[in-house]
Amino acid sequence: MRVVHVRVARADFAKSLGEMREWLDRHKTPLVRFETQMHRSTIMIKVQLDSDDLAEQFRKAFRGSYVD
(Lines give C-alpha, C1' and ligand atoms only; values in the text may rest on other atoms or scores of the structure.)
Protein backbone atom coordinates (compact mmCIF):
# COMPACT_ATOMS: atom_id res chain seq x y z
CA MET A 1 0.00 0.00 0.00
CA ARG A 2 1.45 3.38 -1.02
CA VAL A 3 0.52 6.96 -0.23
CA VAL A 4 1.03 9.48 -3.01
CA HIS A 5 1.35 13.16 -2.09
CA VAL A 6 0.19 15.70 -4.66
CA ARG A 7 0.51 19.44 -4.00
CA VAL A 8 -1.98 21.69 -5.83
CA ALA A 9 -2.78 25.38 -5.76
CA ARG A 10 -5.91 26.21 -3.76
CA ALA A 11 -7.51 27.65 -6.89
CA ASP A 12 -7.03 24.30 -8.70
CA PHE A 13 -8.20 22.06 -5.86
CA ALA A 14 -11.70 21.20 -7.16
CA LYS A 15 -10.45 20.66 -10.70
CA SER A 16 -7.62 18.43 -9.47
CA LEU A 17 -9.96 16.28 -7.37
CA GLY A 18 -12.25 15.83 -10.37
CA GLU A 19 -9.33 14.77 -12.56
CA MET A 20 -8.15 12.33 -9.89
CA ARG A 21 -11.64 10.83 -9.57
CA GLU A 22 -11.81 10.36 -13.36
CA TRP A 23 -8.38 8.71 -13.37
CA LEU A 24 -9.36 6.35 -10.53
CA ASP A 25 -12.63 5.44 -12.29
CA ARG A 26 -10.81 4.81 -15.61
CA HIS A 27 -8.37 2.48 -13.86
CA LYS A 28 -11.17 0.74 -11.95
CA THR A 29 -9.37 1.48 -8.71
CA PRO A 30 -11.17 0.34 -5.55
CA LEU A 31 -11.99 2.89 -2.92
CA VAL A 32 -8.95 4.74 -1.72
CA ARG A 33 -8.30 7.06 1.16
CA PHE A 34 -7.96 10.79 0.56
CA GLU A 35 -6.59 13.26 3.08
CA THR A 36 -5.84 16.93 2.64
CA GLN A 37 -3.63 19.40 4.46
CA MET A 38 -3.92 23.10 3.82
CA HIS A 39 -0.86 25.25 3.50
CA ARG A 40 -0.75 28.94 2.67
CA SER A 41 -1.46 28.92 -1.05
CA THR A 42 -1.48 25.17 -1.67
CA ILE A 43 -3.25 22.04 -0.58
CA MET A 44 -1.47 18.72 -0.11
CA ILE A 45 -3.63 15.82 -1.24
CA LYS A 46 -2.63 12.42 0.13
CA VAL A 47 -4.03 9.46 -1.77
CA GLN A 48 -3.63 5.93 -0.43
CA LEU A 49 -3.79 3.17 -3.03
CA ASP A 50 -3.87 -0.57 -2.41
CA SER A 51 -1.61 -1.41 -5.35
CA ASP A 52 1.99 -0.25 -5.63
CA ASP A 53 1.74 -0.39 -9.43
CA LEU A 54 -1.34 1.83 -9.50
CA ALA A 55 0.25 4.17 -6.98
CA GLU A 56 3.23 4.62 -9.29
CA GLN A 57 0.97 5.29 -12.28
CA PHE A 58 -1.05 7.78 -10.23
CA ARG A 59 2.13 9.47 -8.96
CA LYS A 60 3.37 9.94 -12.52
CA ALA A 61 -0.01 11.14 -13.82
CA PHE A 62 -0.31 13.84 -11.15
CA ARG A 63 3.39 14.62 -10.62
CA GLY A 64 3.19 13.46 -7.03
CA SER A 65 5.74 12.06 -4.65
CA TYR A 66 6.09 9.46 -1.92
CA VAL A 67 6.80 10.69 1.58
CA ASP A 68 7.66 8.09 4.20
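Observations on the structure shown:
- Value of [θ]222 nm, deg cm²/dmol, for the chain, DSSP H segments ≥ 4, -39500 (n - 2.57) each, nearest 500: -11000 deg cm²/dmol
- Charge context of Thr29, other residues only, Cβ under 14 angstrom, K/R +1, D/E -1: -1
- Amide H contacts of Ser51: Arg2, each under 5 Å away and 5 or more positions distant or on a separate chain (H built 1.01 Å from N in the peptide plane; Pro and chain starts excluded).
- Crossing angle, helix 13-26 versus the chain [Cα axis fit, 0-90 degrees, rounded to tens]: 10
- Pairs of Cα atoms nearer than 8 Å and 6+ residues apart set the relative contact order; for the chain it is 53 percent.
- Charged-residue dipole, Cβ positions (Lys, Arg, Asp, Glu), the chain about Cα centre, Debye nearest 20: 280
- Potential extension, Glu19-Asp53 segment - 0.36 nm per residue separation minus Cα distance: 10.3 nm
- Amide H contacts under 5 Å for Thr42, placed H, 5+ residues apart: Arg10
- Using the 1.4 Å probe convention, the accessible area of the chain works out to 69 Å² per residue with neighbouring protein chains retained.
- By accessible area, using a 1.4 Å probe on protein heavy atoms only, the stretch 11-54 has 50% of its surface on carbon and sulfur.
The values are calculated or read from the model by the stated rules, or taken from the named source; none is laboratory data. Keep in mind it's a predicted model, so treat the numbers as computed, not measured. Positions of Cβ are backbone-derived with ideal geometry, glycine not excepted, and every protein chain shown enters the neighbour counts. Just the protein is used for accessible areas: all its heavy atoms, side chains included, with ligands, DNA and RNA removed. Shrake-Rupley method; radii C 1.70, N 1.55, O 1.52, S 1.80 Å.
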